1. How many residues are in contact (Cβ under 8 Å) with a residue 60 or more places away in the chain and touching a Leu at 6+ places or on another chain (Cβ under 7 Å) when one looks only at segment 6-26?
2. Looking at segment 47-71, which of its residues are in contact with a helix residue (DSSP H, G or I) (Cβ under 6 Å, 6 or more places away or on another chain), farther than 13 Å from LEU93 by Cα and open to solvent by 20 Å² or more (accessible area, probe 1.4 Å)?
3. How many residues does segment 72-97 contain that are open to solvent by less than 80 Å² (accessible area, probe 1.4 Å) and part of a strand (DSSP E or B)?
4. Where residues in segment 7-27 are under 13 Å from GLY54 (Cβ atoms) and open to solvent by 10 Å² or more (accessible area, probe 1.4 Å), which of them is nearest to the chain's Cα centre (by Cα)?
5. Against the definition (in a loop (DSSP other than H, G, I, E, B), modelled with pLDDT under 95, at negative phi and of a type outside the set (Ser, Thr, Tyr)), how does GLY55 come out, yes or no?
Amino acid sequence: MNSLSFDREVLQSELPVLVDVTADWCPPCKAAAPVIEDLAREHAGRLKVVVLDGGEAADLVATLGVRGFPTFLGVRRGTIVARQAGFGGRRGLERLAETLLTP
């Protein structure tokens, strides 16, 4: 994903978006991946889930203010409304999804 696709896929999305900012060398990122996949399935049609490889989009990661991996961003109507640094388990990501799904 690059800045242009981020704008289209995330900022212009009609659905709320959970962005998983990850890196392939990051063990906590790998631990979070199955949870992210579950949330995407559980909330299909109501919540969009996007994975952003921080190693491939360093400029975008810097622009977003991400300082470590994994970082999870909640975006609604083009605005970051929630941010979680680190993977603290399934419950934390479920809370983030609930925040995004609550108007």
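1. First pass over segment 6-26, keeping only residues in contact (Cβ under 8 Å) with a residue 60 or more places away in the chain: 10-13, 16-18.
Subsequent filtering for residues that are touching a Leu at 6+ places or on another chain (Cβ under 7 Å) retains 16, 18.
Total satisfying the criteria: 2.
2. The answer is PHE69, and nothing else.
3. The number of residues fulfilling the criteria is 10.
4. Of all residues in segment 7-27, those under 13 Å from GLY54 (Cβ atoms) come to 19-26.
Imposing the further condition that a residue be open to solvent by 10 Å² or more (accessible area, probe 1.4 Å) reduces the set to 22, 24-25.
Values: THR22: 9, ASP24: 15, TRP25: 17 Å.
By that ranking, first place goes to THR22.
5. Working: in a loop (DSSP other than H, G, I, E, B): yes; modelled with pLDDT under 95: yes; at negative phi: yes; of a type outside the set (Ser, Thr, Tyr): yes.
Yes: the conditions hold for GLY55.
The values are calculated or read from the model by the stated rules, or taken from the named source; none is laboratory data. Everything numeric here is computed off the predicted structure, so don't read it as measured data. Reconstructed Cβ throughout: ideal geometry from the backbone, glycine too, with neighbour counts over all protein chains shown. Quick note on the areas: whole protein, heavy atoms, side chains included, nothing else; ligands and nucleic acids left out. Shrake-Rupley method; radii C 1.70, N 1.55, O 1.52, S 1.80 Å.
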